[in-house]
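Worksheet: the structure to be examined is printed underneath.
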Amino acid sequence: MRKMRLFIYGIAMLASSAATLSAQNNEAATMTKQGIEASGAKDWDKAVTSFRRATELDKRYAPNLSAALQQRAMAYVGQQKFPEAETDLTEALKLKPDDEGILSRRAYVELQSKDYDKALKDYNALIKSDDKEIKYFSTRAYILQMKNDWKGALEDTEKVLQMDPTNADAQTRKRFLSAKLNPGPTPVVTPEGPIRRGQPQAGKPLPAASAPVPSPAG
């Protein structure tokens, strides 16, 4: 009799768990639908909130949350709210740690904030993942220049010129850095950075929140 009671109790617990899971799936699907609609309307705050709740209930919706965070971050960049953008991109990167595009966008935001130490760390990671990308070396050269690391900046600049001998920015930077390392009587003009304020560097297009919404029964 005791075994029978335990068996019935176990069945009841499984039924309760299944009902809870079904309710969670329904809520996740609803929140995801709301997030997609909010994304379409560019209401990034609502989209992030909706996708965050959906992800808490069902981890498969994490890519949607990452996409919404990136979209909101770029909206913040347009408003020059760089700390807020960096926070969103850091959260998105936690969801997709190996995403080069997210890391590149965060590095750009750090550069705009003139947080050269953080930007340098991110560009080091970007170069480690892709040592054939000219813009990474060019931007790191600029960061090292701003940190008065003339030698390191020149090394990166020369790498750029090895890959693209006609690169005008690198040619100008090399003259400047060579003059800094070997001062002469003629002053040189300080070259600008390769990335202008308000113009994020080119890269992969931002992801869209487009994961399918399962039916409530699913």
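Annotations for the structure displayed:
- Shown for the stretch 77-160: the carbon plus sulfur share of the solvent-accessible area, taken with all protein chains present and a 1.4 angstrom probe, equals 47%.
- Shape category assigned to the stretch 46-180 from the gyration tensor of Cα positions, a/c cut at 1.5: prolate
- Greater than 21 Å apart at Cα, pairs in 46/114; 147/180; 59/81; 59/121; 94/159; 94/118: 46/114; 59/81; 59/121; 94/159
- Extension gain (nm, one decimal) between residue 133 and residue 147, 0.36 nm per residue minus Cα-Cα: 2.9 nm
- Computed with a 1.4 Å probe over protein heavy atoms only, the accessible surface of the stretch 87-131 comes to 48 Å² per residue.
- Charge tally in the Cβ shell below 12 Å around residue 88, where Lys, Arg are +1 and Asp, Glu are -1, residue 88 excluded: +2
- Estimated FRET transfer efficiency when R0 is 30 angstrom, pair residue 42-residue 121 (beta carbons, to 0.05): 0.45
The values are calculated or read from the model by the stated rules, or taken from the named source; none is laboratory data. Bear in mind the structure is a predicted one, so any value in this text is a computation, not a measurement. Neighbour counts are summed over all protein chains in view; Cβ atoms, including those assigned to glycine, are modelled from backbone coordinates with ideal geometry. The area values use the complete protein model at the heavy-atom level, side chains included, leaving out ligands, DNA and RNA. Shrake-Rupley method; radii C 1.70, N 1.55, O 1.52, S 1.80 Å.
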